[in-house]
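Engineer: Got a structure for you, questions after.
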Amino acid sequence: MHWYPDIIKEWFSGLFSGYLWHGSRNDKVVYITFDDGPHPVVTPYVLQELERYDFKATFFCIGDCVQRHTDIYDLLSIKGHSVGNHTFHHLNSWKTTTTSYLEDVDLANSVINSPLFRPPYGRITPKTAKNLRVQGYKIVLWDVLSGDFDKDRTAASCLSNLKKNTRNGSIIVFHDSEKAFEKLKVILPDYFRFLKSEGYETAVIKHTALTE
């Protein structure tokens, strides 16, 4: 379970300014992201919906999933999306030694090879974060959490939260995972229509594209 609330307040992200929480508040652009894939069923569905609305996204991939579904992973870049490292075994930094965690990130990098990193569960220790920055990673978090992974929430409540809290520069988290799939099938078409109707554009996250 993530420890962040649905919406990250500006003052909170300011306390942890070493991470990327959002893009420019001056531009009507949002950054859609997906964690925990690639998945052989869910990820193709997500790609289909993104293509339907001509949207781009950033996928933070688990190395083990990439290794098992290389063909799906390759589609991400072919379709013009960007990728990031989400560790190889979806480790919790708060429950893993720094050495073991960094080794797992490095293992994931062998199949993902991206300078973007998002810690699973949004959890990362200061020591681990410092080491990753030294290695050249940009640590990407978010300011809007969809809640698609939460079995105790309805798709309607997730949609309401998304529409209420999306703003210029928002980095929004979804999951292209089996546990989120049923909600995604309800949430994504409606939310993507909302973004279009509100005039938002989407962009992928790049290592030098956004400031921390």
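The values are calculated or read from the model by the stated rules, or taken from the named source; none is laboratory data. Just so you know, these numbers come straight off a predicted model, no measurement behind them. Here the Cβ is made from the backbone with ideal geometry for all residues, glycine too, and neighbour counts use every protein chain on show.
Engineer: Output yes when any residue across the stretch 195-211 is surrounded by 18 or more Cβ atoms within 10 Å (Cβ to Cβ), modelled with pLDDT under 95 and of a type outside the set (D, E, K, R), and no when none is.
Structural biologist: yes
Engineer: Now, a different point. Go through the stretch 61-99 and give me each residue that's aromatic (Phe, Trp, Tyr) and closer than 16 Å to PHE34 by Cβ. Explain how you work it out, then say what you get.
Structural biologist: Going residue by residue through the stretch 61-99, those that are aromatic (Phe, Trp, Tyr) are 73, 88, 94.
Residue satisfying the conditions is TYR73 alone.
Engineer: Something else about it: Which of (1) among the β-branched types (Val, Ile, Thr); (2) modelled with pLDDT of 55 or more; (3) surrounded by 17 or more Cβ atoms within 10 Å (Cβ to Cβ) does ILE7 not meet, given it meets every other one?
Structural biologist: Evaluating ILE7 over (1) among the β-branched types (Val, Ile, Thr); (2) modelled with pLDDT of 55 or more; (3) surrounded by 17 or more Cβ atoms within 10 Å (Cβ to Cβ) leaves (2) as the failure.
Engineer: Further question: Do we have THR154 as crowded, with 16+ Cβ neighbours inside 10 Å and not small (Gly, Ala, Ser) here? I'd like the intermediate steps shown before the answer.
Structural biologist: On the way: crowded, with 16+ Cβ neighbours inside 10 Å: no; not small (Gly, Ala, Ser): yes.
No; evaluated as a whole, the condition is false for this residue.
Engineer: Taking the stretch 91-101 as the search range and keeping residues that are of a type outside the set (Gly, Ala, Ser) and either part of a strand (DSSP E or B) or surrounded by 18 or more Cβ atoms within 10 Å (Cβ to Cβ) (or both), which one is farthest from the chain's Cα centre (by Cα)? Spell out how you get there, then give the answer.
Structural biologist: From the stretch 91-101, those of a type outside the set (Gly, Ala, Ser) are 91-92, 94-99, 101; that's our starting set.
With the extra rule that they be either part of a strand (DSSP E or B) or surrounded by 18 or more Cβ atoms within 10 Å (Cβ to Cβ) (or both), the set shrinks to 91, 96, 101.
Numbers: LEU91: 15, THR96: 21, TYR101: 19 Å.
The extreme case among them is THR96.
Engineer: Right, something else. Return yes or no: is VAL46 more than 14 Å from the chain's Cα centre (by Cα), crowded, with 18+ Cβ neighbours inside 10 Å and within 21 Å of PHE174 (Cβ to Cβ)?
Structural biologist: Spelling it out, it is not the case that VAL46 is more than 14 Å from the chain's Cα centre (by Cα), crowded, with 18+ Cβ neighbours inside 10 Å and within 21 Å of PHE174 (Cβ to Cβ).
Residues checked against (1) without any contact (Cβ under 8 Å) to a residue 24 or more places away in the chain; (2) part of a loop (DSSP other than H, G, I, E, B); (3) surrounded by 21 or more Cβ atoms within 10 Å (Cβ to Cβ); (4) touching a helix residue (DSSP H, G or I) at 6+ places or on another chain (Cβ under 6 Å):
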{"site": "SER110", "(1), (2), (3), (4)": "no, no, no, no"}
{"site": "LYS127", "(1), (2), (3), (4)": "no, no, no, yes"}
{"site": "ASN161", "(1), (2), (3), (4)": "no, no, no, no"}
{"site": "ARG167", "(1), (2), (3), (4)": "no, yes, no, no"}
{"site": "LEU188", "(1), (2), (3), (4)": "no, no, yes, yes"}
